[in-house]
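FYI, it's all coordinate maths here, none of it is from the lab. Predicted model, so just to flag it, every value in this text is computed and none were measured. With ideal geometry, Cβ positions are generated from the backbone for all residues, glycine too; neighbour counts draw on all protein chains shown.
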Amino acid sequence: MAIAIPSRQLFIDGEWKEPVLKKRVPIINPATEEIIGDIPAATSEDVEIAVEAAQRAFSRNKGKNWAFNSGAYRAKFLRAIAAKIAERKTELAKLETIDSGKPYAEAVLDIEDVSVCFEFYAGLAEGLDTKQKTPISLPYPGFNSYVLKEPLGVVGLITPWNYPLLMATWKVAPALAAGCTAILKMSELASVTCLELAEVCREVGLPPGVLNILSGLGNEAGAPLVSHPNVDKIAFTGSAVTGSNIMASAAKLIKPVSMELGGKSPLIVFEDVDIEKAVEWSIFGCFWTNGQMCSATSRLLLHESIASEFLDRLVQWAKNIKISDPLEEDSKLGPVISKSQYDKILKFISTAKNEGASILLGGSRPKHLEKGYFIEPTILTDVTTSMEIWREEVFGPVLCVKTFSTEEEAIDLANDSHYGLGAAVISNDLERCDRVSKAFRSGIVWINCSQPCFCHAPWGGIKRSGFGRELGEWGLENYINVKQVTQYTSGDQWNWYQPPAKL
Ligand code: NAD
C-alpha cells in the first residue's frame, strides 16, 4: 500500500509556482507521527498574485472565455475533472488516508463522492443556460422584468481537514459551475489531495486562473484572502471561532460570506427500536471519520426504558471497532488529525471526568498502538447539561449519553445547544419521527440513520452552526448574482416632472 507523496507547489494562473517567500510546512502522517513530505505555504504575496490571476480569468475576453460563457461550456471541464478524479481514485484515496488518518475505505467513498459532486454541478451548470432571462410577472403595464443568473465574481474558498478534497469540492464545483473564478485555501493539516486537484485541473486544460489553489497557514494565507478588496465573497467551512474572525474581517469590506461551522448534534433513540440497528447508527453517527464530523451526533439521547440494554450493546459494538493504521484492511477507526487535536480531545475527556461524568468505555490511547494520535471510542454517561462535554464540540470519537422519559423532554434536550447543524431520530413510529423532525432546531435531520450525505440535498446549519446552504441547487446559489433587469416598454413620456417650456 506504500505510496509516495508528490512534491507540489502552489497552483496559480494554471501553473505550479513556488511561494514568493519559498516557505514550506511539513506533512505529518497522524498514524505514525512521521514527517512524510511538505507542502508549499502561501503568504499574502502569493494571495495577491492568485487574486490577480483570478480577476484576469474572470474578465478575459470580456468574460466570454469563462464567466459569461455558457454553463454547458464550463460543464465540460467539470465533467473532465470528475472523470480524472475517478481514474485516480485509488491513489487519491491512499493519499487522503495517509494525510488525514481516515480509514482507507472511507477515503475511497470520499473520492467517489468528489467525482459525483463535480458531475452533479456540471448538470446544474448546463441547467443555468435555460434559466437565464426568467421573466418576472409585474402587475404594472409599461414594464417588463427578468432575472439573469450571473457569477458573483472572484471567490475565496476556505476549507477544513476532515474531508480534505470533498469539502473543497463542495465549494469548487458549484463556484466554477456558476462561472466564478476562485482561490481555494485548504487546511494546512491536510492539503495533499487538493494539490492533486490542481494537477487534475492542469491535465484537463482548465483555463489559467479559473481555479487557483493555495496551501498555507490560516493567518498567513487565509486571512489575506478574506481581507483582499478584490475577492467578492468568502465561502468558509471550519470552526465557529475562525468563522467569527472571518466574518469580522469581511464585515469591514461588506463582503458576503457563507459559513459552515461546527455542531453538537443530537440523536434521539425511542423505546420501540430494533436495538442492534439503532446501536450501529449511534456508533456510525459519532465515530465515523474518527469522530471528526461537523455533524457528528455526539449527544445520544436514550429512552430510559431501553437505556441499560442499549448501553450494554453499544459498548459491545464499540469494542468491536477495529482501531489501526487507517491503511490496514478493515480499519474502522484511525488517528485524529494532529497532536494538538489529540491533546484537546483528551483534555475534554479529563474535564468531563472532573465535572462528574463517568467513562463507560475508552477515554485514552488504545493500548496496542504506541505511536500515532489514536484515541479509543469513548462513551460518557452521568452527563449533565451544564457540562462542557455536553455543550462544546469535541471533534473526536467521544459520545455523551443522557436518558429521557417523554418525547417533549427528548426534544428539549436535543435543542439545548448553541449549535444547530444536524439532528437524528430513530423510532419505528414514523409519525413520531415526522413530529420530531419538525421540532428539531437544525439544518439537517436524519430519520432512522445518522450521517449519510448526498450532494443533491442541501447542507448547512442554523444558530452557531452557520448560515447559507451548500450542495444541491442551493450550493450553486451561493455563487450567483441574481440580477434584475427591468425595461420600460411604454412609448409614453414618464411625466413625473413638469416639462419645461420648449425653446
Ligand atoms: P479551522 O477553523 O481551524 O480551519 C478551517 C480553515 O480556516 C483552514 O483552512 C484554516 O487554515 C483556515 N483559517 C484559520 N484561521 C484563519 C483566519 N484567521 N483567516 C482565514 N482562514 C483561516 O477548522 P478546522 O480545524 O480545519 O476544521 C474543523 C472545524 O470545521 C470543526 O469545527 C467542524 O465542525 C467544522 N466543519 C464544518 C463543516 C460543515 O459543513 N458545517 C464541515 C466540516 C468541518
Proximal lysines relative to residue 17, as straight alpha-carbon distance under 21 Å, when same-chain residues fewer than 8 apart are discounted: 185
Backbone HN-Hα couplings from phi across region 373-379 [Karplus 6.51/-1.76/1.60, Hz, Gly and Pro as x]: 8, 8, 10, 5, x, 10, 10
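Looking at region 443-503, which trypsin sites (Lys or Arg not before Pro) are in a loop (DSSP not H, G, I, E or B) and have at most 14 other Cβ atoms within 10 Å? Kindly include the intermediate steps, with their values, before the conclusion.
On the way: sites: 463, 464, 469, 483, 502; in loops: 464, 469, 502.
Here the trypsin sites (Lys or Arg not before Pro) that fit, given the DSSP loop and packing criteria, are 502.
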Debye intensity ratio in log₁₀ form over the Cα atoms of region 4-82, taken at each q of 0.14, 0.18, 0.26 Å⁻¹: -0.67, -0.88, -1.13
Global geometry of region 310-395, whether rounded, prolate or oblate, following the gyration tensor of its Cα atoms and the 1.5 cut on a/c: oblate
For residue 41, residues with placed amide H under 5 Å, excluding near neighbours: 23, 24, 25
Percentage relative contact order, the chain, counting C-alpha pairs under 8 Å, at least six apart: 18
Relative contact order (%) - criterion: Cα under 8 Å, at least six apart; region: region 333-375: 56
Interchain or long-range residues, amide H under 5 Å from residue 399's placed H: 378, 379, 380
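Report the full-extension gain for the segment residue 441 to residue 76: residue separation times 0.36 nm, less the Cα-Cα distance, to one decimal in nm. Present the calculation step by step, with values, prior to reporting the outcome.
Numbers: separation 365, 0.36 × 365 = 131.40 nm, distance 3.93 nm.
Full extension of this stretch gives 127.5 nm more.
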Global size of region 353-417 as Cα Rg and Dmax, reported in angstrom: 13.9, 45
Cut-off under 5 Å, modelled amide H: who pairs with residue 481 long-range: 150, 152
Label point 7 Å beyond Cα of residue 328 along Cβ direction - residues of region 107-128 with amide nitrogen under 20 Å: 107-108
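Over region 126-188, what is the percentage of antiparallel beta bridges among all DSSP beta bridges, to the nearest 5? Present the calculation step by step, with values, prior to reporting the outcome.
Details: 3 of 8 bridges.
DSSP beta bridges in region 126-188 are roughly 40 percent antiparallel.
State the percent of C-alpha pairs, over all pairs in region 360-463, separated by a distance greater than 24 angstrom. Intermediate values should be presented prior to the final figure.
Details: 1861 of 5356 pairs.
Taking all Cα-Cα pairs of region 360-463, the fraction more than 24 Å apart is 35 percent.
How big is the antiparallel share of DSSP beta bridges in the chain, given as a percent to the nearest 5?
Here the share of antiparallel DSSP bridges comes out near 45 percent.
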Within region 16-76: Cβ-based charge dipole about Cα centre, in debye rounded to nearest 20 (Lys, Arg +1; Asp, Glu -1): 680
Environment charge at residue 63 (Cβ cut-off 13 Å; Lys +1, Arg +1, Asp -1, Glu -1): +4
Cysteines in the chain that, by Cβ-Cβ distance, have no pairing candidate under 4.7 Å: 180, 194, 201, 286, 294, 400, 433, 449, 453
Estimated vicinal HN-Hα couplings, Hz - region 380-388 in sequence order (Karplus 6.51, -1.76, 1.60; Gly, Pro = x): 10, 10, 6, 8, 10, 6, 8, 6, 4
Where the Cα pairs of region 210-292 fall when distances are cut into 10 Å bins, in %: 15, 34, 20, 17, 12, 2
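Give, rounded to the nearest 20 debye, the magnitude of the charge dipole that the chain has about its Cα centre when Lys and Arg contribute +1 at Cβ and Asp and Glu contribute -1 at Cβ. All intermediate terms of the calculation are to be shown ahead of the outcome.
Values: 51 positive and 61 negative charges, 386 e Å.
With Lys and Arg at +1 and Asp and Glu at -1, about 1860 debye.
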Coarse-grained scattering of the chain at q = 0.07, 0.08, 0.09, 0.12 Å⁻¹, given as base-10 log I(q)/I(0) from a Debye sum over alpha-carbon atoms: -0.41, -0.52, -0.65, -1.07
Leading residue at positive end of dipole, the chain (Cβ point charges), from 159, 65, 349: 65
Using θ = phi - 60° and Karplus 6.51 cos²θ - 1.76 cosθ + 1.60, couplings along region 471-479 (whole Hz; Gly, Pro as x): 6, x, 5, 5, x, 6, 4, 3, 10
Sequence-distant aspartates and glutamates (8 or more away, or on other chains) whose Cα lies within less than 13 Å of residue 133: 150
